[in-house]
Every structure is written in structure tokens, then in C-alpha cells.
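The values are calculated or read from the model by the stated rules, or taken from the named source; none is laboratory data. All values reported here derive from a predicted model rather than from experimental measurement. Backbone-built Cβ (ideal geometry, glycine too); neighbour counts: all protein chains shown.
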Amino acid sequence: MKRRQFIQSAAAGLATAGLGAIGKVSPGLAQGAESLSVRWLGHSCFLFSGTGLRILVNPFRPIGCTAGYRAPQVEADLVLISSRLLDEGVVDGLPGNPRVLFEPGVFEFRGLQLQGIRTPHDDLGGRRFGTNVVWRWRQGGVNVLHLGGAAAPITTEQQILMGRPDVAMVPIGNGPKVFTPEEAQAAIQR
């Protein structure tokens, strides 16, 4: 199996496995209660659907490290962007007219509170690829944390802002813009 196919299969399995555990880690979820659906669309792009909202995180253009993936063409109410590079954070061509957030800060959208937390996008303190925005919100009764393209160790201040998520999307890949497997494990432990 080619590396990209393996990663796609593993990511799909991970998303499914993570969702299967939600009911166990979120005691408030019961039959007929709020729910959250997560769909992986390639690279670090996910569509979160629940409580009447569709949140698309990190749409991309299929060039560079995203070559070989199809550009996401899904409707969303809100788009969250972790970084804006040539292949990342691309909203051109998305259907509808979603609201787009791409800067750190606290935001409200249709009663949902979201927080963007500034982190370096590379392991050189952001000197190579700039800023990454980690997104945190609660949707469908689930605390979600999407680390975007984090590559630097998580600081104590960032740890406090990130809280204790039920589901965390953690970038792993041994590249300059993402964690190595060991760094990802340390980030999760933190």
C-alpha cells in the first residue's frame, strides 16, 4: 500500500475510532442527545457537523504537500483556518457563503463560542512558516481541539487555553510544519 493510501486509511480509521469513544468520554451524551459527526477530507481538513452547524477546518488547494488530494467542495456555515500558505487555508471555490475565521482570538458564531490560539507553525518558533492557529470549541456536546499545523512544543499558557478536549486532531508527519510521532505523543500528554 502506498504511503498516502495508508495515511488516508489510518486517518479515516482514527476518526471513526475516536468518534466511537465519544460517548464514553463525554458523560452528557446519551441516546437522542446532541451528537457530532466528523468527516476527514484530506490533509488536515475536517468537516464537523452537529447542533445544526457545519464547521469546515483547513480547506486546501491540491498542490505541494496536498497534491493528490481532491480540494474539499462541501458546504459549511463556518470555515476555520489554521494557516495561510500557498496550499493551506484556501477558501476560493467553496460553495455557499461561509463565515471565515483565520486569526487568534475569541469568537461567537450562532451561539457557539470558538477560540483561536496562536502557536508557531514550525519548529523554529514560526520563523519559517509563520503562525498557526489552534482551534477550540464545543459542538454537539463534544469539546474539540484542532491543532492545525502545530510543530513546536506546547507551552504552559497554550495548554491552559487548550483545556482538556474530548477529541483532538493532532498533526503528525515528521515534516517541518508538523509534529514527529514522539513530539505528538508529548503534545497529547501535555
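Report yes if some residue within the stretch 154-177 is touching a residue at least 60 places away in the same chain (Cβ under 8 Å), closer than 30 Å to Thr51 by Cα and small (Gly, Ala, Ser); otherwise report no.
The answer is no, given that none of the residues of the stretch 154-177 is touching a residue at least 60 places away in the same chain (Cβ under 8 Å), closer than 30 Å to Thr51 by Cα and small (Gly, Ala, Ser).
For the stretch 81-94, check the following and say yes or no: at least one residue is within 14 Å of Arg54 (Cα to Cα) and among the basic types (Lys, Arg).
No, the stretch 81-94 contains no residue that is within 14 Å of Arg54 (Cα to Cα) and among the basic types (Lys, Arg).
In the set Arg70, Arg127, which member is within 27 Å of Ile154 (Cα to Cα), assigned to a loop (DSSP other than H, G, I, E, B) and without any contact (Cβ under 8 Å) to a residue 40 or more places away in the chain?
Working: Arg70 fails: within 27 Å of Ile154 (Cα to Cα).
So the residue among Arg70, Arg127 that is within 27 Å of Ile154 (Cα to Cα), assigned to a loop (DSSP other than H, G, I, E, B) and without any contact (Cβ under 8 Å) to a residue 40 or more places away in the chain is Arg127.
For the stretch 42-67, give me each residue that is outside any strand (DSSP E or B) and in contact with a strand residue (DSSP E or B) (Cβ under 9 Å, 6 or more places away or on another chain).
Correct list: His43, Ser44, Thr51, Asn58, Pro59, Arg61, Pro62, Gly64, Cys65, Thr66.
Sort out which residues of the stretch 155-184 are part of a loop (DSSP other than H, G, I, E, B) and in contact with a helix residue (DSSP H, G or I) (Cβ under 9 Å, 6 or more places away or on another chain), and write them in order of number. Before you say what the answer is, go through the steps one by one.
Within the stretch 155-184, the subset part of a loop (DSSP other than H, G, I, E, B) is 155, 163-166, 170-171, 173-178, 180.
Answer for the stretch 155-184, where residues must be part of a loop (DSSP other than H, G, I, E, B) and in contact with a helix residue (DSSP H, G or I) (Cβ under 9 Å, 6 or more places away or on another chain): Asp166, Val170, Pro171, Gly173, Asn174, Gly175, Lys177, Val178.
Return only the number of the condition from (1) within 15 Å of the chain's Cα centre (by Cα); (2) at pLDDT 95 or above; (3) assigned to a strand (DSSP E or B) that Thr119 does not satisfy.
The one condition Thr119 does not meet is (2).
Only one of these conditions is not met by Leu114: (1) part of a strand (DSSP E or B); (2) at positive phi. Which number is it?
Exception for Leu114: condition (2).
Anything in the stretch 130-147 that is under 14 Å from Glu88 (Cβ atoms), in contact with a Pro (Cβ under 7 Å, 6 or more places away or on another chain) and not β-branched (Val, Ile, Thr)? List them, or say none.
Asn132, Leu147
Pro27: modelled with pLDDT under 95, touching a Phe, Trp or Tyr at 6+ places or on another chain (Cβ under 6 Å) and either part of a loop (DSSP other than H, G, I, E, B) or under 23 Å from Gly141 (Cβ atoms) (or both), yes or no?
Against the criterion (modelled with pLDDT under 95, touching a Phe, Trp or Tyr at 6+ places or on another chain (Cβ under 6 Å) and either part of a loop (DSSP other than H, G, I, E, B) or under 23 Å from Gly141 (Cβ atoms) (or both)), Pro27 does not qualify.
Kindly establish whether Leu85 is of a type in the set (A, V, I, L, M), modelled with pLDDT under 95, in a loop (DSSP other than H, G, I, E, B) and within 22 Å of Leu56 (Cα to Cα). Reasoning before the result, please.
Working: of a type in the set (A, V, I, L, M): yes; modelled with pLDDT under 95: yes; in a loop (DSSP other than H, G, I, E, B): yes; within 22 Å of Leu56 (Cα to Cα): yes.
Yes, satisfied.
Residues of the stretch 95-111 being within 18 Å of Gly148 (Cβ to Cβ) and part of a loop (DSSP other than H, G, I, E, B), which ones?
Pro98, Phe102, Glu103, Pro104
Can you tell which of Ala150, Ala187 is hydrophobic (A, V, I, L, M, F, W, C), at pLDDT below 95, assigned to a loop (DSSP other than H, G, I, E, B) and surrounded by 19 or more Cβ atoms within 10 Å (Cβ to Cβ)? Give the derivation first.
Working: Ala187 fails: assigned to a loop (DSSP other than H, G, I, E, B).
On inspection, the qualifying residue turns out to be Ala150.
Which one of these does His43 not meet: (1) touching a helix residue (DSSP H, G or I) at 6+ places or on another chain (Cβ under 8 Å); (2) of a type outside the set (A, V, I, L, M, F, W, C); (3) at pLDDT 95 or above?
Only one criterion is unmet by His43, namely (3).
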